[in-house]
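Chemist: I have a structure here, written as structure tokens, and I will follow up with some questions on it.
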Amino acid sequence: MTAPGAPVLANSVPGEHAVAAATLAVPLTGADRASVLAAPLVAAAWACAVAAEARRGGTPVRTEPVVTADYAGITAEAAPGDHEALRRLADWFAAVAEHPLEEWEFGTVRRSFLSRTPSSARWSDAVRRALFGDRHRYGVGHDERVAHVTGCGPADVTAAARELLAARPAGPAPLVPRTVRVRLPAEGGAACHLLGTPGVSLGSDDKYALHVAWALLGGRDGMLDRRLRGEHALTYSLAAFSREFADGGYGACFAACAPGARDEVAERTGEVLRALERGAFPRSLVDSAKERLIIANHRSLRNGRSVTERLCGYQIAGTDPGGITQYARHVGGVTPEQVADVARRHIGSDQPGGDL
């Protein structure tokens, strides 16, 4: 794994994309919570400063902040003919990364963050906090981050930038999480049932079969949709997915339903998970799920920015970045038996859990 505080740089390959891209990222591993919460402001400040530094050197580039659960940084894009110029991204960054943030700059970066942060993303906050705890960065939620950013000043952002760039010991790995069921209050006439399950890290070999398992569960005409909507007309909307990070991961399914139907939704969801664990699903569904995953991955690799940002995530996690080109092969080789196996071990309808 990359040493905390050491920047990671990834460039797109010349000629492979319509727009040249490079991403520079700093790991969040071991950073204190205040710095993690301020990371979007830090990344936005870096993006503005690097763009200005590049212009001063005669190279026009477009910069955007990028923040994930594992890193904060910037992506720079340029015309294909300027691909070589992007190799100077590390020099531009080094020249401005620790500069104090001015008041007018702070107002710009805070407005930028707030405009890019939809409250609709908050529905998974309770699941992640329950799975990872309120001390791990993976448990950071929308409301906590917005409250922190609203109370920040320029000096706080400058201090956070310097802390993220400083050498520091790696933070503790998250505890082994438990399955959780979250009952959210009804809003707009609909109730929400959330199920959160333990996942795997980005470097786990299980992630490919787990992707197929969650693809079987989610999506239109997936196992959950067939049971909850098709057979019992219980849900208004449904989502199911998994996420992997450097230190761990999680899976979640979300169902919006009538307030009085929530208990039945939970019961039917358990039935579907038990069927998945038994391997009680048609092979044709596995083939369809794999096809969707491979196509989605192929589309993501057509964008230079997506490639460089994913490469940074792999490097920070200590995983071979070349693995992003092997996704189709790994997913294509997943068997129905492997799907049932990872479902039993990682999704586990009978794993100890609790309601929140």
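The values are calculated or read from the model by the stated rules, or taken from the named source; none is laboratory data. Nothing here was measured: the structure is a model prediction, and the numbers come from that model. Quick reminder, even Gly has a Cβ in these numbers, built from the backbone with ideal geometry, and neighbours come from all protein chains shown. Protein only, heavy atoms only, side chains kept; ligands, DNA and RNA dropped before computing areas. Shrake-Rupley method; radii C 1.70, N 1.55, O 1.52, S 1.80 Å.
Chemist: For residues in the range 219-236 being over 15 Å from Val286 (Cβ atoms) and charged (D, E, K, R), which is most open to solvent (accessible area, probe 1.4 Å)?
Modeler: Applying the first criterion (over 15 Å from Val286 (Cβ atoms)) to the range 219-236 yields 220, 224-225, 227-236.
Going one step further and asking which of them are charged (D, E, K, R), we end up with 220, 225, 227, 229, 231.
Working: Arg220: 182, Asp225: 11, Arg227: 60, Arg229: 87, Glu231: 119 Å².
The residue in question is Arg220.
Chemist: What strands (runs of 3 or more DSSP E) completely inside the range 1-83 contain at least 3 residues that are more than 30 Å from Asp134 (Cβ to Cβ)?
Modeler: Working: elements: 8-11, 20-27, 62-67, 71-78.
Here the list reads 8-11, 20-27, 71-78.
Chemist: Out of the residues in the range 239-255 that are surrounded by fewer than 20 Cβ atoms within 10 Å (Cβ to Cβ) and in contact (Cβ under 8 Å) with a residue 24 or more places away in the chain, state the one that is farthest from Gly139 (Cα to Cα). Spell out the reasoning first.
Modeler: Keep residues of the range 239-255 that are surrounded by fewer than 20 Cβ atoms within 10 Å (Cβ to Cβ), which gives 239, 241, 243.
From the residues that got through so far, the ones that are in contact (Cβ under 8 Å) with a residue 24 or more places away in the chain too are 241, 243.
Numbers: Phe241: 17, Arg243: 13 Å.
The qualifying residue farthest from Gly139 (Cα to Cα) is Phe241.
Chemist: Within the range 118-144, can you find the residues that are open to solvent by 40 Å² or more (accessible area, probe 1.4 Å) and either touching an Asp or Glu at 6+ places or on another chain (Cβ under 8 Å) or touching a residue at least 40 places away in the same chain (Cβ under 8 Å) (or both)? Steps first, please.
Modeler: Step one: list which residues in the range 118-144 are open to solvent by 40 Å² or more (accessible area, probe 1.4 Å), which gives 118-123, 129, 134-135, 143-144.
Selection gives Arg122, Trp123, Arg135, Asp143, Glu144.
Chemist: Would you confirm, using the coordinates I've provided, whether Arg345 is in a helix (DSSP H, G or I), among the basic types (Lys, Arg) and touching a residue at least 24 places away in the same chain (Cβ under 8 Å)? If you could, list the steps in order and put the result at the bottom.
Modeler: Working: in a helix (DSSP H, G or I): yes; among the basic types (Lys, Arg): yes; touching a residue at least 24 places away in the same chain (Cβ under 8 Å): yes.
Considered against the rule, which asks whether it is in a helix (DSSP H, G or I), among the basic types (Lys, Arg) and touching a residue at least 24 places away in the same chain (Cβ under 8 Å), Arg345 comes out as yes.
Chemist: Next question, about the same structure. Among (1) within 24 Å of Leu131 (Cβ to Cβ); (2) out of contact with any Cys (no Cβ under 8 Å at 6 or more places or on another chain); (3) at pLDDT below 90, where does Ala275 come up short?
Modeler: (3)
Chemist: Determine which single condition Arg162 fails, assuming it passes every other condition in (1) modelled with pLDDT under 90; (2) more than 21 Å from Ala69 (Cβ to Cβ); (3) of a type in the set (Lys, Arg).
Modeler: If we test Arg162 against (1) modelled with pLDDT under 90; (2) more than 21 Å from Ala69 (Cβ to Cβ); (3) of a type in the set (Lys, Arg), just (1) comes out false.
Chemist: Could you give me the residue pairs with C-beta distances under 7 Å whose first residue belongs to the range 145-161 and is among the polar types (S, T, N, Q), whose second residue is surrounded by fewer than 20 Cβ atoms within 10 Å (Cβ to Cβ) wherever it lies, and which are 6+ apart or on separate chains?
Modeler: Pairs that qualify, where the first residue is among the polar types (S, T, N, Q) and the partner is surrounded by fewer than 20 Cβ atoms within 10 Å (Cβ to Cβ), are Thr158/Pro100.
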